[in-house]
Amino acid sequence: MANPSSTGREPHAGPALGARLRRWRAQAGSSVHETFADRRRRWRLIRTTAIWALFAIAVAVFFALFSWDWFRGPLARYLSTRTGRQVQIEGHLQVHPFSWRPWATIGGLRIGNPAWLGGGKTDMANLGRTTVQVRLLPLLAGHVELPLVDIEHPSIALYANQAGRNNWTFGKGGGRGAKLPLIQHFVLNDGRVRIDDVQRRLRFTGHVTTTENAGSASAQAFRLEGAGSLNAAPFQAHVTGGPLVHVQKDRPYPFDMDIHAGATHITAHGLVIRPFDFGHIETAATVSGPDLADLYLLTGVVLPNTPAYSLSGQVVRDQTTYKITRFSGRVGRSDLHGAMTLEKVKGRRFLKADLGSRVLDITDLGALFGGPQAGKAPGEEKAAASAQASTGRILPDAPLDVRRLRSMDADVRYRADTVAASKRLPLRKVALHVSLEQGLLRLDPVTLTMPHGVVSGRARIDARGAAPSSKVDFRVSNMRIEDILPKVQGAPPLTGPLEARAALGGTGDTVHKAAASSNGRVTIAIPGGQMRQSLAELMGVNVVPGLFQLLAKDPKTTPLRCAVVDFNVRHGVMTARQFVLDTGVVLAGGQGTIDLNSEILNLKVEGHTKKPRLVRIIAPFDVKGHLIHPSMKIEAGPAIAQAGAAVGLGALLSPLAAILPFLAPGGAHDADCAALLAQASSAGAPVGRAQLAAAAPAPTRH
């Protein structure tokens with residue numbers, strides 16, 4: 001049997017070769033399969049790249065051939081809807097969006113007026129070529145920052161009608177202050193501003209420019225200057241602001257303002273807390289002028305008529321709220337200090353103030369009621385006083401502007417620590433509370449402190465109707481009559497407590513008209529005291545004793561048991577219902593009227609002596625003339641008649657008989673002061689029980 005090895009072949013050679021062939025074929029097939037996949041991926045990448053390349057080319061071609069003017073119509077309609085005004089884009093629209101700071105230019109933009117204004121008015125805004133650039137990254141985060149705003153030849157026309165409605169308030173944000181995005185480079189080339197405010201009678205035309213560049217160190221890069229009229233008086237404004245090149249949102253922006261409106265002058269040096277957010281401002285301001293009421297046309301705040309003033313304070317605006325602190329200065333000859341807040345409450349201006357004076361000059365109060373204004377230049381003040389005197393009236397005729405009273409509300413407290421007053425009105429302190437709501441003005445309470453006693457009460461002016469109506473109710477308590485009467489020969493002619501009340505109501509827009517139409521009652525009572533006997537004798541017209549004592553400067557007094565004067569007021573005429581003055585020597589009675597319209601007195605006082613007098617002219621004592629300069633005299637007719645009778649008797653009888661017509665029998669009874677005082681008390685005079693008891697006659701002993 002042969003050996004397998006002798007054949008020269010290795011065992012199992014055939015199967016091994018087949019296996020290797022199969023592996024090579026598998027590897028070869030696998031290599032071919034991967035090449036096709038790579039090719040597919042490569043073609044897919046090439047195809048995708050080509051598509052994007054074609055898209056990019058298409059976009060580039062599109063933007064190269066595209067006109068942004070096609071979007072002017074849709075953009076204008078969108079802006080019209082958002083602003084509530086007709087917006088037109090008249091020039092070309094250019095946009096460069098592919099930048100970290102994209103920008104757009106509008107060749108011309110018009111913003112019309114609101115529909116309520118109607119036609120016939122110039123567009124609210126007409127902007128020339130305007131370029132605006134924005135930072136992209138802050139914009140994606142929701143913050144708007146504008147590296148550049150460049151406006152050529154802008155024209156702004158602001159209008160407000162008689163009711164105060166204006167064309168610059170968008171939506172419901174009236175009074176909150178404009179809030180603009182941060183602008184780092186603001187360029188205004190030949191800007192124009194025109195304001196026509198019918199309610200405030202303001203017409204203004206201004207010119208606005210900004211002159212700055214990156215290397216400028218100018219502190220007045222922004223400038224607004226203009227002129228016009230305010231209530232027919234010249235009006236000028238000058239506003240400057242710092243450079244905007246390096247402005248930052250967290251760094252306040254400084255500004256200065258100088259305004260002349262007639263004789264009113266306002267200056268301010270302040271900060272916009274966050275640049276271009278005009279709802280938050282702090283400023284140190286000063287204001288001076290002839291009358292605080294004139295500020296209404298500039299601020300819309302109703303203030304009283306005053307003498308010439310000069311005031312300063314720190315003003316802080318927080319949207320619709322203005323706070324004035326460190327407020328001080330002078331009004332007329334009086335100092336004034338305090339704090340004020342002006343805000344919007346239920347859509348109406350509301351002023352809350354706490355004011356005071358260390359020294360109040362009483363002459364400064366005259367202007368509050370329409371009288372001459374103190375504190376002017378000496379020549380002007382003298383001329384104003386002369387003009388008032390030439391009218392022959394005490395009650396002022398200056399009209400009250402009821403429209404202003406209806407325009408806002410207020411709550412004001414005022415106090416004067418001391419008062420510089422005349423000897424005839426020796427006030428010491430003043431305190432009052434003023435409230436104004438929907439045209440109803442109240443002074444409640446009013447307290448005037450005298451050396452002895454107080455004058456207190458309340459007053460109101462209702463300006464809600466067609467004609468304003470007024471009511472006053474004032475009381476005099478525990479006052480001394482000698483504090484207000486002038487001295488005669490170095491001593492008061494009359495001493496004693498004084499109680500009084502005046503309750504009146506009238507209609508009219510001036511103090512004079514309200515008084516001339518008033519109805520009510522005025523009562524004055526002096527429960528007791530002392531009176532110069534010489535004056536009492538003259539009331540009885542005891543010629544020889546009275547004149548002799550006056551000439552001899554006799555200080556002798558006589559008891560004043562009581563005095564009551566009670567006026568009934570109807571249609572501005574005060575008629576004496578009770579006029580009694582009871583002294584130890586004379587009982588005097590009176591009658592007559594005081595006409596508050598013509599301001600003419602017509603009073604007659606007749607005294608009846610309580611003791612026999614040898615020489616007495618039986619003649620009434622008249623007080624007549626104007627309130628501003630009354631005259632007092634004895635009626636000549638009865639006196640001459642008596643003299644004639646004396647001459648006739650003297651010719652027939654002895655010289656002693658010649659003086660008989662001058663003989664005056666005594667016997668006038670004491671007035672019932674208790675009854676008179678009780679009547680005065682019922683009329684409103686604050687007469688106390690002790691005074692009533694003191695005036696009552698002593699009980700009769702049996």
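Please find, within the stretch 486-514, the residue that is surrounded by the fewest Cβ atoms within 10 Å (Cβ to Cβ) out of those that are among the basic types (Lys, Arg) and over 18 Å from LYS556 (Cα atoms).
Narrowing the stretch 486-514 to residues among the basic types (Lys, Arg): 487, 501, 513.
Okay, now just the ones that are also over 18 Å from LYS556 (Cα atoms), so 501, 513.
Numbers: ARG501: 23, LYS513: 21.
Checked the stretch 486-514; the qualifying residue surrounded by the fewest Cβ atoms within 10 Å (Cβ to Cβ) is LYS513.
So, LYS352, is that one modelled with pLDDT under 90 and among the basic types (Lys, Arg) or not?
When the stated conditions are applied, LYS352 does not pass them.
Please verify whether SER517 is crowded, with 21+ Cβ neighbours inside 10 Å, of a type in the set (Gly, Ala, Ser), within 30 Å of HIS433 (Cα to Cα) and modelled with pLDDT of 85 or more, treating the condition exactly as stated.
No, not satisfied.
Can you confirm whether PRO290 is crowded, with 17+ Cβ neighbours inside 10 Å, at pLDDT below 95 and not aromatic (Phe, Trp, Tyr)?
Details: crowded, with 17+ Cβ neighbours inside 10 Å: yes; at pLDDT below 95: yes; not aromatic (Phe, Trp, Tyr): yes.
Yes.
Report, by residue number, each residue of the stretch 447-480 that is without any contact (Cβ under 8 Å) to a residue 24 or more places away in the chain and either over 30 Å from MET531 (Cα atoms) or not assigned by TED's automatic domain parsing to the domain that holds ALA416 (or both).
Once the filter is applied, which keeps residues that are without any contact (Cβ under 8 Å) to a residue 24 or more places away in the chain and either over 30 Å from MET531 (Cα atoms) or not assigned by TED's automatic domain parsing to the domain that holds ALA416 (or both), the stretch 447-480 yields ARG458, ALA459, ARG460, ASP462, GLY465, ALA466.
When the residues of the stretch 355-375 are filtered to those that are outside any strand (DSSP E or B) and at pLDDT 70 or above, which remaining residue is surrounded by the fewest Cβ atoms within 10 Å (Cβ to Cβ)?
Looking at the filtered set, the residue picked out is LEU368.
Let me confirm something: among GLY356, GLY332, which residue is assigned by TED's automatic domain parsing to the domain that holds TYR414, touching a residue at least 40 places away in the same chain (Cβ under 8 Å) and on the phi > 0 side of the Ramachandran plot? Outline the logic, then answer.
Details: GLY356 fails: on the phi > 0 side of the Ramachandran plot.
One residue alone meets the criteria, GLY332.
Which is at pLDDT 90 or above, out of contact with any Leu (no Cβ under 7 Å at 6 or more places or on another chain) and small (Gly, Ala, Ser), of ALA285, ALA261?
Result: ALA285 is the single residue among ALA285, ALA261 that is at pLDDT 90 or above, out of contact with any Leu (no Cβ under 7 Å at 6 or more places or on another chain) and small (Gly, Ala, Ser).
May I ask you to list the residues in the stretch 444-473 that are buried (at least 16 other Cβ atoms within 10 Å of the Cβ), under 26 Å from SER328 (Cα atoms) and not polar (S, T, N, Q)?
Within the stretch 444-473, VAL446, LEU448 meet the criteria.
In the stretch 52-107, which residue that is among the small types (Gly, Ala, Ser), surrounded by 14 or more Cβ atoms within 10 Å (Cβ to Cβ) and assigned to a helix (DSSP H, G or I) is nearest to the chain's Cα centre (by Cα)?
If we take residues in the stretch 52-107 being among the small types (Gly, Ala, Ser), surrounded by 14 or more Cβ atoms within 10 Å (Cβ to Cβ) and assigned to a helix (DSSP H, G or I), then SER80 is nearest to the chain's Cα centre (by Cα).
Let me spell it out: the conditions are (1) farther than 24 Å from ALA516 by Cβ; (2) at pLDDT below 75; (3) part of a loop (DSSP other than H, G, I, E, B); (4) not β-branched (Val, Ile, Thr), and LYS382 meets all of them except one. Which number is the exception?
Every listed condition holds for LYS382 apart from (3).
Which one is nearest to PRO147 (Cα to Cα) among residues in the stretch 86-124 that are aliphatic (A, V, I, L, M) and at pLDDT below 90?
That would be VAL95.
Kindly list, by first and then second residue, each pair from a residue in the stretch 123-141 that is part of a strand (DSSP E or B) to a residue that is surrounded by fewer than 17 Cβ atoms within 10 Å (Cβ to Cβ) and modelled with pLDDT of 90 or more, limited to pairs with Cβ atoms under 6 Å and residues at least 6 apart or on different chains.
Between residues of the stretch 123-141 that are part of a strand (DSSP E or B) and residues that are surrounded by fewer than 17 Cβ atoms within 10 Å (Cβ to Cβ) and modelled with pLDDT of 90 or more, the close pairs are VAL132/ALA104; GLN133/ARG101.
Within the stretch 463-498, how many residues turn out to be of a type outside the set (D, E, K, R), under 30 Å from ALA516 (Cβ atoms), part of a loop (DSSP other than H, G, I, E, B) and modelled with pLDDT of 85 or more?
We begin by selecting, within the stretch 463-498, every residue of a type outside the set (D, E, K, R); these are 463, 465-470, 472, 474, 476-479, 481, 484-486, 488-498.
Adding the requirement that they be under 30 Å from ALA516 (Cβ atoms) leaves 463, 465-470, 472, 474, 476-477, 479, 481, 484-486, 498.
With the extra rule that they be part of a loop (DSSP other than H, G, I, E, B), the set shrinks to 463, 465-468, 484-486.
Next, from what is left, pick out any that are modelled with pLDDT of 85 or more: 463, 465, 467-468.
Number of matching residues: 4.
Mind checking whether some residue in the stretch 419-428 is outside any helix (DSSP H, G or I) and without any contact (Cβ under 8 Å) to a residue 40 or more places away in the chain?
Of the residues in the stretch 419-428, the ones outside any helix (DSSP H, G or I) are 419-428.
Right, trim to without any contact (Cβ under 8 Å) to a residue 40 or more places away in the chain and you get 428.
The answer is yes, given that some residue of the stretch 419-428 is outside any helix (DSSP H, G or I) and without any contact (Cβ under 8 Å) to a residue 40 or more places away in the chain.
Could we say that ILE266 is within 23 Å of ALA237 (Cα to Cα), part of a strand (DSSP E or B), in contact with a Leu (Cβ under 9 Å, 6 or more places away or on another chain) and in the same structural domain as LEU368 (by TED's automatic domain parsing) here?
The answer is no for ILE266.
When you scan the stretch 300-322, how many residues do you find that are closer than 20 Å to LEU271 by Cβ and either in contact with a helix residue (DSSP H, G or I) (Cβ under 9 Å, 6 or more places away or on another chain) or without any contact (Cβ under 8 Å) to a residue 24 or more places away in the chain (or both)?
Total satisfying the criteria: 2.
The values are calculated or read from the model by the stated rules, or taken from the named source; none is laboratory data. Because the structure is predicted, anything quoted here is derived from the model rather than measured. Heads up, the Cβs are rebuilt from the backbone with ideal geometry, glycines too, and the neighbour counts pull from every protein chain shown.
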